[in-house]
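Colleague: Submitted below is the structure of interest, expressed as structure tokens.
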Amino acid sequence: MAWNEPGGNGKDQDPWGGGNRGGNQGPPDLDEAFRKLQEKLNGIFGGKGGGSSSSSGGGGVFVVALLVAFAAYIWNAVYIVDQKERAVVLRFGEYLETVTPGLHIYFPPIDSKYQENVTEFRTYNLRQQMLTEDENIVEVAMSVQYNISDLKDFILNVENPESSLEQATQSALRHVVGGSEMHQVLTEGREAMADEVRERLQSYINNYGSGINVGKINVESTSAPQEVQPAFDDVIRAREDKERSQNRAQSYANAIVPEARGEAQRLLEEAEGYRQEVIARAEGEANRFTQLLTEYRKAPEVTRQRIYLDTLQEVLGQSNKVLVDVDGGNNMMYLPLDKIMQERGGATSSGRVELDAQQIRELANQVAEDLRSRSSTSSRSGRSAQ
Amino acid sequence: MSPKSMLGVIVLALAVLVGIESLYVVSERERAVVLRFGELIEPNVQPGLHLKAPFIDKVRIFDGRLLTLDSPPERFLTQEKKALIVDSFVKWRIDNVETFYTATSGDIRRANQLLSQRVESRLRNIVGGKSLQEVVSGERDELMQAITLSLNNIARKELGVEVVDVRVKRIDLPPQVSDSVFERMRTERDKEAQEIRSQGNEQAEVIRADADRQKRVLLAEAYRDAEKLRGDGDAQSAAIYAQAYNADTEFFSFYRSMQAYKETFRKQGDIMVLDPESDFFRYLKQSEVK
């Protein structure tokens, strides 16, 4: 019972008290135990009612008490070191051994034991704002994974190895960030940063001889501080905007260029069509003419006359005709052209230009003149062909 | 019998007490001195079980491990009179127990206080001689090493203390200055964002203009080629016509004119004013052969 109670009782001058300061399970206080035993014995004697034959009964109780105490002692002294653990045993304060996994016994208060999990990685998380080389402020969240590489050093050398590690981590991280530019820290520099912090940190704590091994450092996030986050986000948005406006322009380009290509192709096709059309027509017409010419040469006069008459028949057959015998009749001849025009205007289209009588008369004269000259040339040419 | 056994018990207890008083243990984690009536008789006790004169000798035990002095953040001024908040820590351990005991009477807090003042004055001197840039990103290692070394020399001599490491944990700007830094960072980002957006617009415009140009060029080239084709067609057809019509030019004129008349007067309702003297009407007036 008394042996099992961990920790000191606050007596600084106790020779073994020093071992208890770390809060570990240290050697129990011998002095205190003796006093308690004494009290107990006294109590038993007193309880017996002051009889003279008490010594034999008291001796029995004493033996039992001793046995119980011994059992308790052994119970406490035997310990198991797990596969993950190591234990450091000090004998009279001197380093005795580092215990490997298995069942072991130690002898308090001569020995003192410090048992720790050494293989398990512990984590220290850190999130802080810090200055960069270019006097910007960034927020870095980082975790350090570490375990105990040398339990002896861990126990004996440094007052509080874990807080030492934390201080060293902050120093190393700030050193590295302080030597980098913000852009570097926020973007591609993270991996290198973690490596550099690790290297630095390990060298610091090696210097302290703390027996800690830094396993891995994860730079979990590097970001701009909360105060300027919106501005940083806006930069990201700006990148998206840029992308978007480029895409829009690209889609515009994608729309009009192929259309233009199609249109261009249409122009070419039409031109090609025209080309082939005119050639084909030419060939056709030329062929027709050539064939006709062959027949014409066989009988020029008749053919010519026939063509002439056919043509005029066709032309005149479709027109309204006004026959004017200018030489034989009166010079002044009234043509009811305006009436005819009106008739036609009503029959075909109403959007005709209205002409007054004077204009129509002039027009009629002109037509008559024109027709006369034309028929005279054609007859002349017809005659010359003969 | 009873008083005798009582006496025995008392003697036993006394013996145990004296035994305990005359034995002491120094752990590997500790350093110790032994004092006899205040006089230092054992300046550096090795770890292990030791004997001393009971009730006369006093053992003073100190923590012999590496200790930390974590002083509170201090405000420093750099060379260009910019304020900085510097948070440093010192790792030290007792080196010479005797000197340590005499200088600090074994009080770790006192030792921390003495060290802290020295570290601060050194840091102040060094920071005061450097620009902000140099303090934040400069050769911190060398700086710290210099402080460690000079501090160590004095601390060893005066305090019996070995200074293992001096490090700066935080170097921050004071809150008021931070605000203006944030403001600057914000404007820098704004600038960057604006630039990116404008670049986006620029490139968009380039893409559009390029597309427009492509369209124009495509159409113009197509027009050119189309005209070439038409011209070619015209030329070929002209050649064909010419070849055919050259066989009899006069007949061609006649034939073509006839066709033209047909085409011209194709429309129903044209009015023709005719002279009955024309060839066509030759037989309209007389039927006998002239």
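Colleague: Can you work out the FRET efficiency for the pair A:R288 and B:R213, with r the C-beta to C-beta distance and R0 = 41 Å, to the nearest 0.05?
Modeller: The value I calculate is 0.25.
Colleague: Enter the mean number of other protein chain beta carbons within 10 Å of the beta carbon of each residue in A:262-271, as an integer.
Modeller: 6
Colleague: Quick check for you: with a 1.4 Å probe and neighbouring chains kept, what is the accessible area per residue of segment B:111-216, in Å²?
Modeller: 51
Colleague: What is the sum of charges, Lys and Arg at +1 and Asp and Glu at -1, for the other residues whose Cβ falls under 13 Å from the Cβ of A:R86? Mind showing how you got there, number by number?
Modeller: Values: positive: A:K84, A:K113, A:K152; negative: A:D82, A:E85, A:E97, A:E116, A:E120, A:D150, A:D153.
Surrounding charge for A:R86 is -4.
Colleague: Let me know the shape class of segment A:253-316, please: from the alpha-carbon gyration tensor, a ≥ b ≥ c as square roots of the eigenvalues, rounded when a/c is under 1.5, otherwise prolate if a/b is greater than b/c, or oblate.
Modeller: oblate
Colleague: Would you please classify the overall shape of segment B:11-63 from the alpha carbon gyration tensor, given that a ≥ b ≥ c denote the square roots of the eigenvalues, rounded means a/c under 1.5, and beyond that prolate means a/b larger than b/c while oblate covers the rest?
Modeller: Cα axes put segment B:11-63 in the oblate bin.
Colleague: A further question follows. Compare the peptides A:65-71, A:246-252 by average per-residue count of other Cβ atoms within 10 angstrom and give them in order, highest first. Spell out each step's value before the answer.
Modeller: Values: A:65-71: 11.7, A:246-252: 15.6.
Listed from highest to lowest mean packing, they are A:246-252, A:65-71.
Colleague: Please compute, for peptide A:125-135, the average count of beta-carbon atoms on other protein chains lying within 10 Å of each residue's beta-carbon.
Modeller: What the average comes to for A:125-135 is 4.
Colleague: Taking R0 as 41 Å, what's the FRET efficiency between A:Q366 and A:E259 from their Cβ-Cβ distance, rounded to 0.05? Walk me through the numbers before you get to the answer.
Modeller: Details: r = 51 Å, r/R0 = 1.25.
About 0.20, to the nearest 0.05.
Colleague: Order these peptides, A:306-318, A:133-145, B:71-83, by their mean beta-carbon neighbour count within 10 angstrom, highest first.
Modeller: A:133-145, A:306-318, B:71-83
Colleague: Under 14 Å from the Cβ of B:G128, count the other residues' Cβ atoms, weight Lys and Arg +1, Asp and Glu -1, and hand me the total.
Modeller: Local net charge: +2.
Colleague: Further, regarding this structure: Determine the distance separating the Cα centre of segment A:127-160 from the Cα centre of segment B:213-249; give it in Å without decimals.
Modeller: 85
Colleague: For a label point 7 Å from the Cα of B:K4 along Cα→C-beta, name the residues of segment A:57-94 whose backbone N is under 20 Å from it.
Modeller: A:57-60
Colleague: Just tell me which aspartates and glutamates come within less than 13 Å, Cα to Cα, of B:K262; anything on the same chain fewer than 8 places away is out.
Modeller: Once the sequence-local aspartates and glutamates are set aside, what remains near B:K262 is A:D310, A:E314, B:D270.
Colleague: Tell me the net charge near B:D172. Cut-off is 11 Å between Cβ atoms, B:D172 excluded, with +1 for each Lys or Arg and -1 for each Asp or Glu.
Modeller: Neighbourhood net charge equals +3.
Colleague: Oh, and also: Output the peptides B:234-241, B:139-146 sorted from most to least packed, where packing is the average of other Cβ atoms within 10 Å over each peptide's residues.
Modeller: B:234-241, B:139-146
Colleague: Distance check, please: which entries in B:K81/B:K130; A:K84/A:K152; A:K152/B:K58; B:K130/B:K169; A:K84/A:K113 exceed 20 angstrom between their Cα atoms?
Modeller: Details: B:K81/B:K130 10 Å; A:K84/A:K152 15 Å; A:K152/B:K58 29 Å; B:K130/B:K169 18 Å; A:K84/A:K113 16 Å.
Correct reply: A:K152/B:K58.
Colleague: How far is it, in nm, from the label point at B:S131 to the one at B:D232 when both lie 7 Å from their Cα along the line to the Cβ?
Modeller: Each label point lies 7 Å from its Cα, and together they span 7.3 nm.
Colleague: With contacts defined as alpha carbon pairs under 8 Å and 6 or more residues apart, what's the relative contact order of segment B:67-172 in percent? Before the final figure, lay out the partial values.
Modeller: Values: 162 pairs, mean separation 43.4, N = 106.
RCO, segment B:67-172: 41 percent.
Colleague: Continuing with the same structure: Only helices at least 15 Å long along their own axis, judged from Cα atoms, and with Kyte-Doolittle mean hydropathy of 0.0 or greater: name those in chain B from DSSP H.
Modeller: B:2-22
Colleague: Which aspartates and glutamates have a Cα less than 15 Å from the Cα of B:K91, not counting those fewer than 8 places away in the same chain?
Modeller: Within the straight-line limit of under 15 Å, B:K91 reaches these aspartates and glutamates: A:E159, A:E162, A:E166, B:D63, B:D70, B:E120, B:E162, B:D165.
Colleague: Per residue of B:56-66, count partner chain C-beta atoms within 10 Å of its C-beta, then hand back the mean as an integer.
Modeller: Taking the mean over all residues of the peptide, I get 4.
The values are calculated or read from the model by the stated rules, or taken from the named source; none is laboratory data. All values derive from a computational prediction rather than experimental measurement. We place every Cβ from the backbone using ideal geometry, glycine too, and count neighbours over all the protein chains shown. These area figures cover heavy atoms from the full protein model, side chains too; ligands, DNA and RNA do not enter into them. Shrake-Rupley method; radii C 1.70, N 1.55, O 1.52, S 1.80 Å.
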